[in-house]
Amino acid sequence: MLHFPAADLVGDLFPFRRLLRKNSMSNRLLVIVLISAIAVIAVWRLWAGHVDLSKPEAVASAFISELRSDRIGKAASYWVPEGAEAWRTQAQAKIEEMRSGAHQNSLEGLPPSPITFTTSHNPKSPANEKTLSSGGMNMDLREIGGKWYVCRGPL
């Protein structure tokens, strides 16, 4: 019968245990600084990806950026919530129907970053909708509960 020595669980799972010795205050400080730095970077990454939905230009820019990056699912998060899933499905089907060259041409038709928009209001549209134009592209946005969402756009 083979007998294996009992594993030192802390030693096997935590090879840096010497950093947490009771007598090593500088090592504890190092661990605290590292954990704090990781937390700051994580919060920064979350905030850097944040889009202010109260500004229609920011929503339109983020929507176009996601389309240009070919992230249809993320672009759908800027679409009017009631129709986001239907738009995502339709957009993906439309992209799959296109040949690769046609799809690339449609992406090239999107305005380059940074995007500058001109704002207008269609008299036949509801009061909570705006039309943003840039280059030859028009996009309608709708305000719902203080947040702006795309309700008509490219693709």
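The values are calculated or read from the model by the stated rules, or taken from the named source; none is laboratory data. Every value quoted in this text rests on a predicted model; they were computed, and no experiment measured them. All Cβ positions, even for glycine, are placed from backbone atoms using ideal geometry, and neighbour counts span all protein chains on display.
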Original post:
Looking at Ala75, Ala39, which one is modelled with pLDDT of 80 or more, surrounded by 10 or more Cβ atoms within 10 Å (Cβ to Cβ) and under 30 Å from Asn138 (Cα atoms)?
Top reply: Ala75
Subject >> 1 or more residues at pLDDT 80 or above and crowded, with 17+ Cβ neighbours inside 10 Å: qualifying strands (runs of 3 or more DSSP E) within the stretch 94-155 >> reply: 129-134, 137-144, 147-152
Subject >> Which listed residue is modelled with pLDDT of 85 or more and outside the structural domain of Glu129 (by TED's automatic domain parsing), from Val80, Val33 >> reply: Val33
Subject >> Residue among Leu67, Leu53 that is in a loop (DSSP other than H, G, I, E, B) and surrounded by 16 or more Cβ atoms within 10 Å (Cβ to Cβ) >> reply: Leu53
Original post:
Going through the stretch 119-155 one residue at a time, which ones are closer than 24 Å to Ala93 by Cα and among the aromatic types (Phe, Trp, Tyr)?
Top reply: Tyr149
